[in-house]
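The values are calculated or read from the model by the stated rules, or taken from the named source; none is laboratory data. Remember, it's a predicted structure, so these values are computed and weren't measured experimentally. Neighbour counts run over all protein chains shown; Cβ positions are idealised from the backbone, glycine included. Ligands, DNA and RNA are excluded from the accessible area calculation, which covers all protein heavy atoms including side chains. Shrake-Rupley method; radii C 1.70, N 1.55, O 1.52, S 1.80 Å.
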Amino acid sequence: MSGEWIEVCAVDEIEEEDVIRFDHGERTFAVYRTDKGHFYASDGYCTHEKFHLSNGLVMGNVIECPKHNGRFDIPTGAAKRAPVCVDLRTYPVKVESDSVFIKID
Amino acid sequence: MNESGMVVVGAGEAGVRAALELRSLGWDGEITLIGNEGLLPYERPKLSKELLIAVEEPSPAAVVSEAQLAEERIDWVSGDAVRRIDREGHRVELASGREIPYMRLLLATGAKPRKLEIAGDGAGDLIYLRRYEDAVRLRESLRNGSRVVVIGGGFIGLEVAASAIQRGCAVTLLEAGRRLLARGVPEAIAKVVEQEHRKQGVRIVTGASLERIDKGAGEFKLRLADGTVIPCDIVIAGIGAVPETALAEKSGLDIDNGIRVNEKLQTSDPNIFAAGDCCSFPHVLFGNHRIRLEAWRNAVDQGMHAAGNMLGSEKPYGVVPWFWSDQYDLTLQVAGLTDRAVTIVERNMGEEGQIYFHLNEEGTVVAVSGIGSGGSLAKHIRIGEMLVEKQAKPAAEALADHTVRLKQLMR
Ligand SMILES: Cc1cc2nc3c(=O)[nH]c(=O)nc-3n(C[C@H](O)[C@H](O)[C@H](O)COP(=O)(O)OP(=O)(O)OC[C@H]3O[C@@H](n4cnc5c(N)ncnc54)[C@H](O)[C@@H]3O)c2cc1C
Ligand code: FES
C-alpha cells in the first residue's frame with residue numbers, strides 16, 4: 001500500500017506514557033509514546049463511539065478510552081476490553097532527526 | 001439427564017459478559033444465556049441519551065451479535081424467563097416449560113424502575129425507562145412542543161429532561177429533595193448540572209411535594225401540596241430502581257437490598273452466583289461495607305469476575321465503582337464511594353471543569369468526582385480512580401493544586 005510520511009511533531013512534544021491528537025486534512029489520529037519510549041499511531045476516534053482517544057490514559061502498551069473505559073492494544077490496535085469490540089486501525093510510525101512521522105494513505 | 005453446564009439468568013450487560021468470559025477462560029462445556037426480553041443484550045445507557053434524540057428511527061445498540069454467540073457456542077434462549085430454581089436438583093425451569101440443568105448458576109437479573117405510589121387516575125399511565133421498548137415509546141411521544149413532566153432529579157430523570165428539551169419539548173422537572181442528584185454527587189457538581197438545565201430551558205422545581213396525578217381531556221394534571229397544578233402531555237417517573245430479586249427470593253436465597261452475595265459474588269447457595277444491578281456485595285476496598293450499584297461498568301466487571309469464580313478461582317471482587325452521565329455536552333463522572341468521605345478537596349481545572357477528591361477521616365481518597373465538557377477531565381478522573389484503588393493518602397494541598405501532576409501522586 002502506498003502512502004506518504006507526514007511529520008507529526010518533535011519527539012519531546014509527546015511525554016512518555018502519553019498520547020496526543022494529530023489532525024491532518026479531514027482526518028484525525030492519536031499518536032502515542034509508551035513508557036518504553038516507542039511511538040505508535042492509530043485512528044483518533046474510539047471504535048465504540050466517536051470519542052477522541054487523545055484524552056485517554058496510556059498504561060504500558062494499552063490506551064484506555066476516556067468515555068467508557070474501553071481498551072486497545074496500542075501496537076496492534078486490537079480491542080481489549082468492553083465495550084469496544086472493533087479493532088482500531090494503526091499506522092506506521094518512524095522517528096527521524098528528532099521528529100515523529102506517520103505514514104497515511 | 002443432559003450434561004449440566006454454566007447457566008446465566010438475565011441477558012443484560014452482566015449476563016452476556018459472564019457468558020463470553022466463561023468461554024474465554026477456557027470452559028468447554030455448555031453455556032446457556034437466558035433472557036426474557038427477546039432482544040440481543042443491548043446498551044441500556046443509550047436509552048435515556050442518544051436513543052431519545054435520534055432523528056431517525058433508532059435500533060437497540062446490541063453488545064454482541066447472534067453470530068458471535070454462535071461462534072462462542074453460547075446457547076442464547078431469548079424471550080423466555082426463568083420461573084423457578086430447583087436447587088436440590090440443580091435445574092432451572094423456564095416459563096415455556098423447558099428445564100435446563102446447571103452445574104453453576106449466575107443470576108444477572110438486573111433491576112426495574114421503582115413505581116411511584118401516588119393518588120389519582122393518571123398514575124397508571126406514567127412512563128418508566130428501563131427497556132428498549134420503553135425508550136421507543138418515550139421517543140415517539142417526545143414531539144416538538146409536547147409538555148413533559150419528569151418526576152425525579154436523579155441521573156435518569158435529568159438525562160431524559162435533557163433529551164426532551166433537545167427534542168423541542170417544554171420540560172418541567174420535579175424533585176422532592178432540596179437539590180438535584182442528592183445521592184453520590186457533591187453539591188457543587190449538582191449546581192453546575194442545575195444551572196445548565198435551567199440555561200437550556202428546563203423548569204426545575206426542588207422541594208416539590210407531589211400530591212396526585214389526574215388524567216382527563218387528553219392531558220395529565222399534576223397537583224403539588226402547595227396548590228400548584230401542572231398540566232402536561234407526558235409524565236416520566238425516574239425515581240430510582242429496585243433490584244430484580246423475585247426469583248432468588250422464591251428460591252430461598254438470602255436477600256439484603258438485592259441478592260446477597262459475599263465478596264466472591266457467591267449467594268447463600270455456593271453453586272449460585274449473582275452480578276450486576278441485582279446484587280448487594282461487601283466491598284473489600286471500603287472495609288467490606290455492603291453496597292449495591294446501578295452502574296454499567298460494574299455490571300460488565302462483576303459479570304466477568306463472577307465467571308472466573310464460577311470456574312473456581314475464588315477471588316474477591318474489588319473494582320472501584322465508576323459511573324458516568326451525559327447531559328447536553330456535559331459529562332459527569334464519579335469513581336469510588338462519595339458517601340464514605342468526610343472532606344472534599346476541590347481541584348479547579350479552569351476551562352476543563354472541576355474535579356473533587358473525597359477523603360475519609362484518615363485522609364484516604366475514597367472517591368473522585370468531576371464535571372466538564374469535551375472529555376478532557378476523564379483522564380484525571382481515571383488517575384483519581386487509581387488513587388482510590390491504591391487507598392492513597394496524598395497531601396490535600398497537592399490534590400488541590402492543578403499544577404501537580406496526578407500521576408505523580410500515585411508513586
Ligand atoms: C435509561 C438508563 C440509563 C443508564 N445510564 C447509565 C449511565 O449513563 N452510566 C452508567 O454507568 N450506568 C447507566 N445505567 C445503568 C446500567 O445500564 C445498568 O447498571 C446495567 O444495565 C446493569 O446491567 P445488569 O446486567 O445488571 O442488568 P440489566 O441490564 O437490567 O439486565 C438484566 C436482564 O435480566 C432480565 N431478567 C430479569 N429476570 C429474569 C428472569 N427471571 N429470566 C430471564 N431474564 C430475566 C431482564 O429483563 C434484563 O434483560 C443506565 C440505566 C438505564 C435504565
Ligand atoms: S467511546 Fe470509547 S469506549 Fe465508548
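Tabulated values for the structure
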read-out	value
Residue with peak Gaussian network fluctuation, chain A [Cα springs, cutoff 10 Å], from A:Gly44, A:Gly77, A:Gly25	A:Gly25
Overall form of chain B per C-alpha gyration tensor (a/c, 1.5; a/b vs b/c)	oblate
Local electrostatic count, A:Cys46, Cβ distance below 11 Å [Lys/Arg +1, Asp/Glu -1]	0
Residue-span extension gain [A:Glu17 to A:Cys85] - 0.36 nm each, minus C-alpha spacing	22.1 nm
Cβ-Cβ FRET estimate between A:His38 and B:Ala395, R0 fixed at 25 Å, reported to 0.05	0.15
Those residues of segment B:213-229 whose amide nitrogen sits under 12 Å from the label point placed on B:Ala119, 7 Å along Cα→Cβ	B:213-214, B:223-225
Segment B:16-51 residues near the modelled B:Ala67 label - backbone nitrogen below 11 Å, point 7 Å along Cα→Cβ	none
Relative contact order for chain B, counting Cα pairs under 8 Å that sit 6 or more residues apart, in percent	14
Listed pairs B:Lys115/B:Lys221; A:Lys80/B:Lys393; A:Lys103/B:Lys390; B:Lys112/B:Lys221 exceeding 29 Å between Cα atoms	A:Lys80/B:Lys393; A:Lys103/B:Lys390
Difference of contour (0.36 nm per residue) and Cα-Cα distance, B:Glu187 to B:Met103	25.5 nm
Carbon + sulfur, % of accessible area of chain B - ligands and nucleic acids excluded, 1.4 Å	46
Reachable lysines, given that their alpha-carbon falls under 25 Å from the alpha-carbon of B:Lys191 and they are not under 8 places away in the same chain	A:Lys67, B:Lys46, B:Lys49, B:Lys199, B:Lys379
Principal axis dimensions, largest first and in whole angstrom, of segment B:115-239 by Cα	41, 31, 25
Computed E for B:Asp339/B:Lys112 - FRET, C-beta separation, R0 22 angstrom, nearest 0.05	0.40
Reduction of at least 50 Å² in accessible surface, 1.4 Å probe, comparing all protein chains with the chain by itself, residues of segment A:68-91	A:His68, A:Asn69, A:Ala82
Residues whose placed amide H lies under 5 Å from that of A:Leu57, excluding near-sequence neighbours	A:Glu64
Linear extension gain, B:Glu93 paired with B:Val55, 0.36 nm per residue minus alpha-carbon span	9.5 nm
FRET efficiency estimate (nearest 0.05) - Cβ-Cβ, A:Arg27 to B:Met410, R0 30 angstrom	0.30
For the protein assembly as shown, the Rg and Dmax computed from alpha carbons only, in angstrom	24.2, 77
